[in-house]
Amino acid sequence: MAKQFGLLARFKDTPDLFHAAEKVRDAGYRKWDTFAPLPIHGLPAAQGLGRSRVPVFTLIGGFCGFWIGLLMVWYMNLYDYPLLVGGMPFFSPIFPFPIAYELTILLAAFGTLIGMFVMNTLPQHYHPLFNSEQFLATSSDQFMIAIESSDPQFNTEATRLFLEEIGGTDIQVIEE
Amino acid sequence: MATTTSNLPTCPAQAELLDQIRPAEHKETPLVGNKRDFPWVTEKICTIVESRVPTWWWVAFAMALFTASFTGVGLVWLVSTGVGVWGLANPVNWGWAIVNFVFWIGIGHAGTLISAILCLLKQGWRTSINRAAEAMTIFAVVCAGIFPLFHVGRVWFAWWLFPIPNSNAIWPQFRSPLEWDVFAVSTYGTVSALFWYMGMIPDLGTLRDRATLVLRRGMDETLTPLQRKVQTAIWTLRKYGYGIFAMGWRNAGNHWRNYEMAYLLLAGLSTPLVLSVHTIVSFDFAVSIIPGWHTTIFPPYFVAGAIFSGFGMVLTLMLPLRALYGFHDLITQRHIDNMCKICLGTGCIVGYAYIMEFFIAWYGANPFEEFAFINRAFGQYAWAYWIMFSCNVFVPQLFWFKAVRRNAAMVWIMSILINVGMWFERFVITVTSLANDFLPTSWGYYSPTIVDIFTFFGTFGLFSVLFLLFLKVLPIMPMGEVKFVMPQADPHGHGFGDTAQGANSEMKGGAH
């Protein structure tokens, strides 16, 4: 038998998934996740997840963008090739402001997207869960919870009973 | 974040009072009509992509391609001859090219308003029109970009606009608003595409999973072996095509958590971006010293106009889509009402700006400025001014009436008139100030040539080609977001009246 990834259980609807998630969290499991076709309000807290760290990436991106913008104009219009236009100064923080502003937003947006990927450990085109037909229905309209075997508390029989107890149905063993 | 807090009452009287509290009755019209459930939404959106294209699509696509070829002819003509084939000549050296550029960029702004500003304002109704409006933004930016790109004359040197080292060792000149425009518009196009793509990842995952399921279950037995092979090839292409771009999205709680945060941040970034883009576009005019252009009202006035024209375009696109694809439960009358009201609101801002410009021209006591405005309304381009004024100020006033907002045909015609009016607004601003400036001896009259007309006419075809391809290939509504505003999404089983999950067991997520 191939190595086991974990157990997958189906839940009836949004409230069922929400309350089951609270119970899995309270039971002390660490390596598990919920799966739903939509973002559910308050579910991260019910899963015991804190605030997302994506903003850190956004901040780094935005900070770099602003200074790259100003330094670029300083380098090009004052340092490397000073060009006198209409008697205006070669550099001032005012006229390149639109450039710095746009680059702040541009790099912050890239930072956000990259942050979303990094924090979600994507791209990850293969995952054991994709082997389950039941799991593939999640993205349309199903609600699932998967508890991984790598969780210190995991025990195939006990975890299966626990998932049944909190309302899970169609419990499946997922293989690596 | 909804957390389970324990606000225990401190005294018996308080407990009694708390006991009497009942949840408020929602009188709100639901955002998804007919009490639809989650699978219905998935089927509705996915089958558009997965089934054969309807006949009307091919007819529209052929017409759009034919129209787009006009832009091709216009541009080949221009590049092979020179910018002189456009109607530009002293004193009007900025004609249709800038008018069309501002017109298309403005249309794009409604898409960003819907995806970003309405997201920050928690307007649930934006979800069903969001994706298509964002697509409209990107395609409008593509159309807009053509005009300044080819107006530079030798288009093969257009890359000099970007700070890339070249053999002349000259850098761009950053004191010019035109250079700011390069940064604003290219950032706008890029960030809009990023936002659009990120929002689409969960839906691409859904399409990937559906294709995988079809392949696993095998093709229909009734098909001939060849048909089965073709079908398998198509579904495999879908599985991998969508799969690659879905990046392995699994709809995990952790995924959604980071996704929601990233979405909120991108909305927060796009909001100042969209305001800055049209502000900088207006700087192209406002930073100069031409009478009629050199005004501080331009940035807010341009932004309001952009949103006004953009919502006009959203209505122009969504009303036929709603009828053709039967989206009446997703784009409800409430959505149409809201869009009409935004058109009315922004139309009033634009009207206020027209009148305020006149007042300031008089109050500023600058004879050139005064002349510029009197000339706009009563001079050689008065016809254009009054088309603009009637389409942008008088026409949207009809949106005050419910009967008008409920008449789809009427709304559609009005949405087109709004865009006609907004095109003329840019024409009036650009051309009247240049044609009659300080020196009467150098006055002139500008008319476009056939090349101008071909190039502009064709961009509607280009836009339609891109939009039709979007309809066929990509999920046209964000399924996760639409589901999020449905009553079944509530984790505590609350909903609207009798559709609440606790009240009516048939509506519960799993049972259909």
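Looking across B:L161, B:L178, B:L88, one residue alone is more than 17 Å from the chain's Cα centre (by Cα), within 14 Å of another protein chain (Cβ to nearest Cβ) and more than 24 Å from B:P300 (Cα to Cα). It is B:L161. Residues in the stretch A:119-176 that are among the charged types (D, E, K, R) and in contact with a Leu (Cβ under 7 Å, 6 or more places away or on another chain) were compared, and the one that is surrounded by the most Cβ atoms within 10 Å (Cβ to Cβ) is A:R160.
A residue that is assigned to a helix (DSSP H, G or I), at pLDDT below 85, surrounded by fewer than 18 Cβ atoms within 10 Å (Cβ to Cβ) and out of contact with any Cys (no Cβ under 9 Å at 6 or more places or on another chain) occurs somewhere in the stretch B:34-53.
Filtering the stretch A:127-158 to residues that are β-branched (V, I, T) and either in contact with a Phe, Trp or Tyr (Cβ under 8 Å, 6 or more places away or on another chain) or part of a strand (DSSP E or B) (or both) leaves A:T138, A:I145, A:I147. Evaluating A:D80 against the criteria (1) outside the structural domain of A:E165 (by TED's automatic domain parsing); (2) of a type in the set (D, E); (3) in contact (Cβ under 8 Å) with a residue 12 or more places away in the chain leaves one unmet condition, (3). The residues of the stretch A:16-63 that are touching a residue at least 12 places away in the same chain (Cβ under 8 Å) and of a type in the set (D, E, K, R), listed by number, are A:D16, A:E22, A:K23, A:R25, A:R30, A:K31, A:D33, A:R53. Scanning the stretch B:224-244 for residues that are farther than 20 Å from A:P123 by Cβ and not in a helix (DSSP H, G or I) turns up at least one hit. Close Cβ contacts (under 8 Å, 6 or more residues apart or on different chains) running from residues in the stretch A:95-115 that are crowded, with 24+ Cβ neighbours inside 10 Å to residues that are part of a helix (DSSP H, G or I) and of a type in the set (D, E) comprise A:I99/B:E179.
The values are calculated or read from the model by the stated rules, or taken from the named source; none is laboratory data. Note that the structure is a prediction, hence the values are computed from the model and not measured. Quick reminder, even Gly has a Cβ in these numbers, built from the backbone with ideal geometry, and neighbours come from all protein chains shown.
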